[in-house]
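Just below is one structure, and these are the notes that go with it.
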Amino acid sequence: MLYAKSDQHILGYLGRALSLEMTAVQQYATQAKLVAAWGLTEDASKLQQESLEEMEHVNRIIGRMLALGVAPNASMLRPVKLGRDLRELLLADAELEKDLVNLYMQAANHCARNADLDGRKFFETLLHEEQSHDVALAEWIHRLEATTVASTRDTRITF
């Protein structure tokens with residue numbers, strides 16, 4: 001099914017992207033269920049939405065692979081990272097998002113060097129979306145930490 005003209009580097013980027021995005025879907029969906037069990041329904045809903053957004057990336061990558069004549073194969077899913085609290089979960093998510101950002105940056109740069117305008121646009125679109133996820137996670141973590149600090153201040157005993 002592989003076309004002779006397919007750039008092997010692009011196929012490698014797509015394969016790694018599929019594995020990372022599938023990992024993200026699995027991680028966000030699992031975390032959403034865990035956070036819901038903790039009674040944090042609004043946070044669980046946000047994590048579930050992240051899972052759906054990552055699944056949309058999976059579908060686009062699969063479509064791109066099929067268009068290049070390659071059968072999709074997410075061969076190396078990472079284990080889901082959990083934590084003792086929401087902050088630990090979000091820090092694990094931020095780590096995964098950074099890996100996706102780095103991968104898409106490398107792929108877009110490769111496409112630019114090889115005058116693959118369609119590939120460059122494809123990867124840059126995913127790059128910008130993952131950068132937005134990364135920023136949103138950083139803001140979420142910051143708000144959570146600020147709330148924790150404020151809560152700690154409120155419970156101090158003063159003499």
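Taken together, the values in this text are just the output of simple stated rules run on the coordinates, not laboratory data. What you see is a predicted model, and the numbers here were worked out from it, not measured in a lab. Every residue, glycine among them, receives a Cβ derived from its backbone with ideal geometry; neighbour counts consider all protein chains shown.
Picking from 11, 82, 66, which is most flexible by a Gaussian network model of the chain using Cα springs under 10 Å?
66
Which one, 39, 59, 137, is farthest towards the positive end of the dipole of the chain when Lys and Arg carry +1 and Asp and Glu -1 on their Cβ?
59
Only helical DSSP H runs with n ≥ 4 go in: add -39500 (n - 2.57) per run for the chain, normalise by residue count and round the 222 nm mean residue ellipticity to 500 deg cm²/dmol. Kindly include the intermediate steps, with their values, before the conclusion.
Working: 4 runs with 123 residues, N = 159.
That calculation yields -28000 deg cm²/dmol at 222 nm.
Express the Stokes-Einstein translational diffusion coefficient of the chain in µm² s⁻¹, to the nearest whole number, given a Kirkwood radius over alpha-carbon pairs, 20 °C and a viscosity of 1.002 mPa s.
Working: Rh = 17.0 Å.
D = 126 µm²/s.
Dipole of the chain, Cα-centred, from +1 at each Lys and Arg C-beta and -1 at each Asp and Glu C-beta, to the nearest 20 debye? The partial results should precede the final answer.
On the way: 17 positive and 23 negative charges, 60 e Å.
Dipole about the Cα centre, nearest 20: 280 debye.
What full-extension length gain, to one decimal in nm, is calculated for residue 55 and residue 77 as 0.36 nm per residue of separation minus the Cα-Cα distance? Spell out each step's value before the answer.
On the way: separation 22, 0.36 × 22 = 7.92 nm, distance 1.40 nm.
Full extension of this stretch gives 6.5 nm more.
Given +1 on the Cβ of Lys and Arg, -1 on the Cβ of Asp and Glu, and no further charges, what dipole in debye does region 55-134 carry about its Cα centre, rounded to the nearest 20?
On the way: 10 positive and 13 negative charges, 47 e Å.
That gives region 55-134 a dipole magnitude of about 220 debye.
Run the numbers for residue 7 and residue 139: contour at 0.36 nm per residue of separation, minus the present Cα-Cα distance, in nm.
Values: separation 132, 0.36 × 132 = 47.52 nm, distance 3.74 nm.
Contour length minus Cα-Cα distance gives 43.8 nm.
Could you point to the residue in 106, 127, 9 farthest towards the positive end of the chain's charge dipole, with +1 and -1 charges on the Cβ of Lys/Arg and Asp/Glu respectively?
Sorting the options by dipole projection puts first 9.
Work out the length of the dipole vector of region 92-140 about its Cα centre, built from +1 on the beta-carbon of each Lys and Arg and -1 on the beta-carbon of each Asp and Glu, and round it to the nearest 20 debye.
Numbers: 4 positive and 11 negative charges, 69 e Å.
Around 320 debye, computed over region 92-140.
Would you check the chain for Lys pairs whose C-alpha atoms are within less than 20 Å, ignoring same-chain pairs closer than 8 in sequence, and give me the count? Show your work: numbers first, answer last.
Numbers: 5/121; 33/46; 33/81; 46/81; 46/98; 81/98; 98/121.
Value for the chain: 7.
On a C-alpha basis, how far is the centre of region 75-148 from the centre of region 8-43 in Å? Whole number, if you could?
Each part reduced to its Cα centre gives a spacing of 11 Å.
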